[in-house]
Amino acid sequence: MRRKIPSPVMLQAFELSARTLSFTQAADSLNLTQSAISHQIQALEDFLGVRLFERVRKRLQLTSAGEILLLRLTPALDALESAIIETVSTEPAASVLRLGVVPAVATQWLIPRLPRFQREHPRIALTLVTRLPFNFQNNSLDAAINLGNTRWPGARSDWLMDEHMAVVCTPEMAATTLRTPDDLPRVPMLQMTFRPHAWHDWLAASGLPAEGTTGGMKFESFSLVLRAAMAGLGAAVVPRLLVEDELENGRLVSPFGPVVRSPTSYYLVYPPANVTLPALQAFRGWLLQQTGAPGG
């Protein structure tokens, strides 16, 4: 059965006008014009079939019907407002998840995907920390995405994905100088100081001679190696996962295989006590879906 209730705008216009005895003040409070308030009051009177206001010596006064309506309406509006506030307050407050991330993984893989996470979980705010090594003992982090193996003392870990290393260079270099692995001695081999054996391990896994692979330019971060490779300074062995966009847009190419699996993998790591954190549970589920790992 449909309730006999006027529109909220009519009721608000009346309640404010009745309390102030002024259409002008009611209009200011509701950000409406005085004529709009008058129209709402007239519509309410037509809806109810009674007069609510009258003018005595050019001053606005309530009729007896108006006094009765104000007496009943104000507590009803207060109760409605309280119900709405109480309903909204039951929503979980926006929570913060403090996440440690290997810098290259943060910039090349995670951040481009975070808009999806924000759309699905708008009330979770991520704080990304790239300072290594990650430390859970001082409670500064809730979890971390790290590269390693399954041995994480005092922490739980979820396997996310393996790491595979590939040779990359500019399309121009691949077309002119670096067509096969036999051409590698003819080009500079860019070195990552934090992975000094990358070239040696890739060549050994490919069945190629691994001597004399440490003489190229050296860089202290992945972003620098990536920029150097895109600038044509040489070829690099890098995690393929971290150059997906560059390979897709053609700024880099992988001129030949193989893609060699690294001895380490990516894991989501967190203290056992944090398992029940709602923000971590939501992020963990989303992350496992992104990587296709079991449990996602």
Along the Cα→Cβ direction, 7 angstrom out, place labels at ARG55 and ASP162. What is the inter-label distance in nm? 8.6 nm
Amide H contacts under 5 Å for MET161, placed H, 5+ residues apart: TYR266
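FRET efficiency for THR74 and ALA36, Cβ-Cβ distance as r, R0 = 22 Å, nearest 0.05?
It comes out at approximately 0.55.
Grab the beta carbon distance between SER140 and ASP28, set R0 = 51 Å, and tell me the FRET efficiency rounded to 0.05.
On the way: r = 50 Å, r/R0 = 0.97.
That gives a FRET efficiency of 0.55.
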Inter-probe distance in nm under a simple model that places probes 7 Å from Cα toward Cβ, at THR130 and VAL96: 2.0 nm
Using a simple spin-label model with points 7 Å from Cα along the Cα→Cβ vector, what separation in nm is obtained for SER64 and LEU21? 1.9 nm
Assign unit charges at the C-beta atoms only (+1 for Lys and Arg, -1 for Asp and Glu), then state the dipole size of the chain relative to its Cα centre in Debye, rounded to the nearest 20. 760 debye
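Let me make sure I get this right: for region 8-89, a, b and c are the square roots of the gyration tensor eigenvalues over alpha carbons, sorted descending. Under 1.5 in a/c it's rounded, otherwise prolate if a/b > b/c, else oblate. Which is it?
Prolate shape, in that a/c is at least 1.5 and a/b is the bigger ratio.
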Gain in length, GLU172 to ILE5, computed as 0.36 nm per residue apart minus the alpha-carbon separation, to one decimal in nm? 52.7 nm
Would you calculate, for the chain, the mean residue ellipticity at 222 nm contributed by helices, counting each DSSP H stretch of 4 or more residues as -39,500 (n - 2.57) and dividing by all residues, to the nearest 500? -12000 deg cm²/dmol
Among LEU114, TYR270, LEU62 the positive-end extreme of the charge dipole of the chain (Cβ point charges): LEU62
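Bear in mind these aren't lab numbers, they're just calculated from the coordinates by the rules spelled out. Because the structure is predicted, anything quoted here is derived from the model rather than measured. Note: ideal-geometry Cβ built from the backbone for every residue, glycine included; neighbour counts use all protein chains shown.
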